[in-house]
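Read the structure below first, then the notes.
The values are calculated or read from the model by the stated rules, or taken from the named source; none is laboratory data. Just so we're clear, the structure is a prediction, and the values are computed from it rather than from any experiment. A quick note on method: Cβ atoms are made from the backbone with ideal geometry, for glycine too, and the neighbour counts reach across all protein chains shown.
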């Protein structure tokens, strides 16, 4: 009986609420994939950075104590405005999370 209780406890710890992750695609405003965007997930002091693939796909995740995830998902690439999404629950990161990057506006030059 003690062994069974120990096994149940260990399974709960292993399968428990100990991480935050998501995946999706990084796209431009016309829906075309953006290759090479840096996607960063920060939650509970942990950080994971990945670069989007040729088709714009990405997957990021961190392991942390079994608590409610809080953090930020960001994406950036030269020539685009930075994307940032703060989250307070796993539901806000339910995959897929497609990120749309807007073209950066070049500063006006004086004549």
For segment 77-92, how many residues are on the phi > 0 side of the Ramachandran plot and surrounded by 14 or more Cβ atoms within 10 Å (Cβ to Cβ)? 0
Does residue 95 qualify as being part of a loop (DSSP other than H, G, I, E, B), surrounded by 15 or more Cβ atoms within 10 Å (Cβ to Cβ) and touching a strand residue (DSSP E or B) at 6+ places or on another chain (Cβ under 8 Å)? no
Of the residues in segment 56-68, those that are more than 12 Å from the chain's Cα centre (by Cα) and at pLDDT below 95 come to 63, 64, 65, 66, 67, 68
Number of the exception - residue 22 against (1) at pLDDT 95 or above; (2) surrounded by 14 or more Cβ atoms within 10 Å (Cβ to Cβ): (1)
So in segment 45-76, with the set limited to residues that are in contact with a strand residue (DSSP E or B) (Cβ under 6 Å, 6 or more places away or on another chain) and in a loop (DSSP other than H, G, I, E, B), which one is surrounded by the most Cβ atoms within 10 Å (Cβ to Cβ)? 52
